[in-house]
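Enquirer: My questions all concern the structure below.
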Amino acid sequence: MSKRMEKAERKLWSLIEKIPWFWLGFTAVLVLALPYFVLGSRCYVQITDQLDGEVLNYIYRAKYLFSGEDVIPEFMGGMGKNAMTLPAPGGVLFYRLLPPFAAFAAMHIFMAAAGYGGMYLLARRLTGSSLIACLAAGIFVCLPLYPVYGLSVSGQPLLLWAVIRCCEAGGSAGKKWKYYLCILLYAVTSSLALAGFACLGVLAFAWLWCLLTRRRRICRELGIVILLLSGGFLVCNVGLLAGFLGLGESCAPHREEMVLAAMPDWQGYFREIFLEGGAYVKSYNGVIVLLTAAVLVLDPLMFWGKAGGFGQGREDAVGAREQREAEAKESGGTRGLSGRGAYRAVAAASALVFVLSALAVIWRTQWMTELRMSLGGPAKTFQADRVCWLLPLCWYTLLALDLYILLRRWRGWLLLRWGAAVAAVGALCFTVYENSTIYHNLRLMIFPETYHLMNWEDYYAEDVYGQIDDFLQRDKASYRVASLGVNPAAALYNGFYTLDGYSNFYSLDYKHEFREIIHRELAKNQETRVYFDAWGNRCYLLNSETGNYMTVGKNAGSSYQNLELDTGKMYEMGARYLFAAMPVDNWRELGLIPVREEPFETPESYYAIWVYEISGQKTGRQRTVLLTFQNVVK
């Protein structure tokens, strides 16, 4: 490549870097926020593990935040606070200060802003380019991450940037207070169980590496960071850690009966994690895999081989240091890594991705699952496969480094390099867009009459439950309810005291007691029986007719025809009403009394809810079974 062409390319980059890319990329955050203002509670959000559980945890933990109470009376007959674990403890402040939907929206916008800002700062520090930082951050923030998990994933770039700056800054702590603040922010607004432990593990490995290689100053800074992050997690997760270690619990948790299931196709599981990401942390990084592979293979051939050809020699043909200083001046003082430093960073990040993916798969293999089951306790319930929650950070950092090497380090073939970069970024944007909430919400805004997905308003059905409350005219604290075919989260959201619910940490005795209600239905269907007995986080009225499907709409056109629930046990546990998504044909046999003939619904509601009063009397089939048993005994 001639010096003239090289000079022209540098001039082009100088003009590009003068564009305010940060603010242009920030429009991705605004696009994510727009549906909350345009569609309101009818916008699309992921339902599973958000609306059916975590949102309720925030609502009720916020309600009793300063009450001094250890029990949440509305939830599952009155469970302790540990039964409603907060995935991001700091997020409870949003729900304390705002109504639930506004809190959810504010938390999502906060998560997106922190994710974009953190990835932008990190990518710009590594590459020195505002354009590359904008691209990496803009795509990263559009990933379909779950707002209820706070900064668990989206805050990792900010955490890594703060760690790097701490290690670079040196000097007194007074000069690094803003970096320490970012580290504490991550500890407060993320989940130790989901991603925090993996972050601490990687930092501990880095500290050990620096210790062995005698990099004392960096080792000291990493030690401070680890202590700060650990302290923040410890303060915010005392109850979680105590429950995990079995400390201070008066009764055994339901997890003791969990039966772990191995991943049968570990090769397919590895491919899924490596190319798309894990559950709840999809990164859709197939394009980045190809780009990274090209960089790892071609860069040594171009710069570590003979001069000439495609790369036309080594980087110091123009003077590596002078070139980076010129680039730093063009980008406002952020120099970025050297070319070889960027390649080493790509190699290190690629190795980390492979190790994390392999660890996640190994933890779910047959032999490891059997070993964990035999050990029991924390070894059984600890989900080390969640190290894959670090993968989105790794992949989008790799994207920034790949683009930096492709566009800034490599020389010659200008159109080919830019064409490859545009094609890769375009394909990645399309893939992420198709799988993001933006895709669905834009369609909801453009085609409101023909495009519909279940949303916050449909799921919680405040208008329908308001009708029920007005009809019953009873103090909700004086009775409990159970839900059939409709998720109990909806009743709980509307202030009803529930018998059933979703919790990852509740009493084993309660699970056994609740099982008596559904034991006949579980006996009919092996899938639901294994679902409840071997896992049990969802303590629902599972049955043989609708299984564990808990969003039966009013257009289902069916009914419960042969339901066998122990309504006497439900009455004994405090339940006085059953909310059913379909009519129960054998209500007389079950000792149920319809409170009215027609269901509760509105023209726009997703649900039609039939309400039955639980009499507590054994009638019909239950009485026949009892009399038969008594006659046999006589």
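Enquirer: Suppose R0 equals 22 Å; then what is the FRET efficiency for Arg474 and Glu69 from their Cβ-Cβ distance, rounded to the nearest 0.05?
Expert: So, using R0 = 22 Å, E works out to roughly 0.45.
Enquirer: What is the Cα centroid distance between the range 529-559 and the range 230-280, reported in whole angstrom?
Expert: 24
Enquirer: Label Leu208 and Thr48 with points 7 Å out from Cα along Cα→Cβ: what is the distance between them in nm?
Expert: 3.5
Enquirer: So, one more: How large is ³J(HN,Hα) for each residue in the range 177-191, as worked out from phi by the Karplus curve 6.51 cos²θ - 1.76 cosθ + 1.60 (θ = phi - 60°), to whole Hz, x for Gly and Pro?
Expert: Per-residue couplings from phi come out as 4, 5, 6, 4, 5, 5, 5, 5, 4, 5, 4, 7, 10, 9, 9 Hz.
Enquirer: To the nearest 0.05, how large is the calculated FRET efficiency for Ile224 and Trp418 if R₀ is 30 Å and r is the Cβ-Cβ distance?
Expert: E between Ile224 and Trp418, to the nearest 0.05, is 0.10.
Enquirer: Just to check, using Stokes-Einstein with a Kirkwood Rh over alpha carbon pairs, what's the diffusion coefficient of the chain at 10 °C and 1.306 mPa s in µm²/s?
Expert: Calculated translational D: 58 µm²/s.
Enquirer: So for the chain, averaging the separation of alpha carbon pairs under 8 Å that are six or more residues apart and normalising by length, what relative contact order in percent results?
Expert: 17
Enquirer: For the chain, with only Lys/Arg (+1) and Asp/Glu (-1) charged at the beta-carbon, what is the dipole magnitude about the Cα centre, in debye rounded to 20?
Expert: With Lys and Arg at +1 and Asp and Glu at -1, about 3380 debye.
Enquirer: In the chain, carbon and sulfur make up what percent of the accessible area (probe 1.4 Å)?
Expert: 61
Enquirer: Could you give the length gained on full extension between Leu97 and Ala534, defined as 0.36 nm per residue of separation minus the Cα-Cα distance, in nm? Show your work: numbers first, answer last.
Expert: Working: separation 437, 0.36 × 437 = 157.32 nm, distance 3.84 nm.
Working it through step by step, the gained length comes to 153.5 nm.
Enquirer: Through the Karplus equation 6.51 cos²θ - 1.76 cosθ + 1.60, θ set to phi - 60°, convert the phi angles of the range 450-466 into ³J(HN,Hα) values in whole Hz; use x for Gly and Pro.
Expert: 10, 10, 9, 9, 4, 10, 3, 5, 5, 5, 8, 6, 4, 5, 5, 5, x
Enquirer: Sticking with this one: In the range 382-481, which trypsin sites (Lys or Arg not before Pro) fall in coil by DSSP and have 12 or fewer other Cβ atoms within 10 Å? Display every interim value, and only then the final one.
Expert: Values: sites: Arg386, Arg408, Arg409, Arg411, Arg417, Arg443, Arg474, Lys476, Arg480; in loops: Arg411, Arg474.
Loop-located and lightly packed - Arg474.
Enquirer: Pick out, in residue order, every one of the GluC sites (Glu not before Pro) in the range 429-533 that is DSSP loop and has at most 15 other C-beta atoms within 10 Å; say none if there are none.
Expert: Glu449
Enquirer: How long is the gain from Glu462 to Val289 if the chain were fully straight, where each residue apart is worth 0.36 nm and the alpha carbon distance is subtracted?
Expert: 57.7 nm
Enquirer: Then there's this: Can you list residues from other chains, or at least 5 along the same chain, whose modelled amide H is less than 5 Å from the amide H of Ser190?
Expert: Gly90, Leu151
Enquirer: Shifting gears a bit: Roughly speaking, what is the stretch gain from Met454 to Glu257, that is 0.36 nm per residue apart minus the C-alpha to C-alpha distance, in nm to one decimal?
Expert: Values: separation 197, 0.36 × 197 = 70.92 nm, distance 3.37 nm.
Result for the pair: 67.6 nm of gain on full extension.
Enquirer: Rounded to the nearest Å, what's the spacing between the alpha carbon centres of the range 419-438 and the range 74-114? Just the number, please.
Expert: Using only Cα atoms to place each centre, the spacing works out to 32 Å.
Enquirer: About the Cα centre of the range 336-452, what is the dipole size in debye to 20, counting +1 per Lys and Arg Cβ and -1 per Asp and Glu Cβ, all else neutral? Mind dumping the intermediate values first?
Expert: On the way: 11 positive and 5 negative charges, 111 e Å.
I would put it at about 540 debye.
Enquirer: For the pair Tyr439/Lys554, report the inter-label distance in nm, with labels modelled 7 Å from Cα in the Cβ direction.
Expert: In this crude spin-label approximation the distance works out to 3.1 nm.
The values are calculated or read from the model by the stated rules, or taken from the named source; none is laboratory data. Given the structure is predicted, the values throughout are model-derived calculations rather than measurements. Note: ideal-geometry Cβ built from the backbone for every residue, glycine included; neighbour counts use all protein chains shown. Keep in mind that these areas ignore ligands, DNA and RNA; they rest on the heavy atoms of the full protein, side chains included. Shrake-Rupley method; radii C 1.70, N 1.55, O 1.52, S 1.80 Å.
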